[in-house]
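A quick write-up on the structure given underneath.
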């Protein structure tokens, strides 16, 4: 039996809708291309499931 950890990525949300889309896209990109590979490299981590965004 393992443990489950949850975390959020957050940033300041601008008022301009186009800038909001950019911020959200940047956060998702950070999750998929930076954080997920780093977490997968940790010994004992079997799976990373992203949701949202």
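The values are calculated or read from the model by the stated rules, or taken from the named source; none is laboratory data. In this text, all values refer to a predicted model and were calculated from it rather than measured experimentally. Counting neighbours? That spans all protein chains shown, and the Cβs are built from the backbone with ideal geometry, glycine included.
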### Task
For residue 14, state whether it is touching a helix residue (DSSP H, G or I) at 6+ places or on another chain (Cβ under 9 Å), at pLDDT 95 or above and surrounded by 10 or more Cβ atoms within 10 Å (Cβ to Cβ).
yes
### Summary
Within the stretch 26-49, residues being assigned to a loop (DSSP other than H, G, I, E, B), loosely packed, with under 11 Cβ neighbours inside 10 Å and within 13 Å of the chain's Cα centre (by Cα) number 1
### Query
Of the residues 45, 34, 23, which single one is modelled with pLDDT of 90 or more and in contact with a helix residue (DSSP H, G or I) (Cβ under 6 Å, 6 or more places away or on another chain)?
45
### Message
For a quick check of your reading of the model, give me the residue pairs whose first member lies in the stretch 30-53 and is on the phi > 0 side of the Ramachandran plot and without any contact (Cβ under 8 Å) to a residue 40 or more places away in the chain, whose second is surrounded by 10 or more Cβ atoms within 10 Å (Cβ to Cβ) and outside any loop (DSSP other than H, G, I, E, B), with beta-carbon atoms closer than 6 Å and at least 6 apart or on different chains.
### Response
53/28
### Task
Six or more apart or on different chains, Cβ under 9 Å: which pairs go from a residue in the stretch 4-24 that's within 18 Å of residue 47 (Cα to Cα) to one that's part of a loop (DSSP other than H, G, I, E, B)? Could you list them?
8/52
### Task
Check residue 29 against each of (1) in contact with a helix residue (DSSP H, G or I) (Cβ under 7 Å, 6 or more places away or on another chain); (2) within 18 Å of residue 52 (Cα to Cα) and name the one condition it does not meet.
(1)
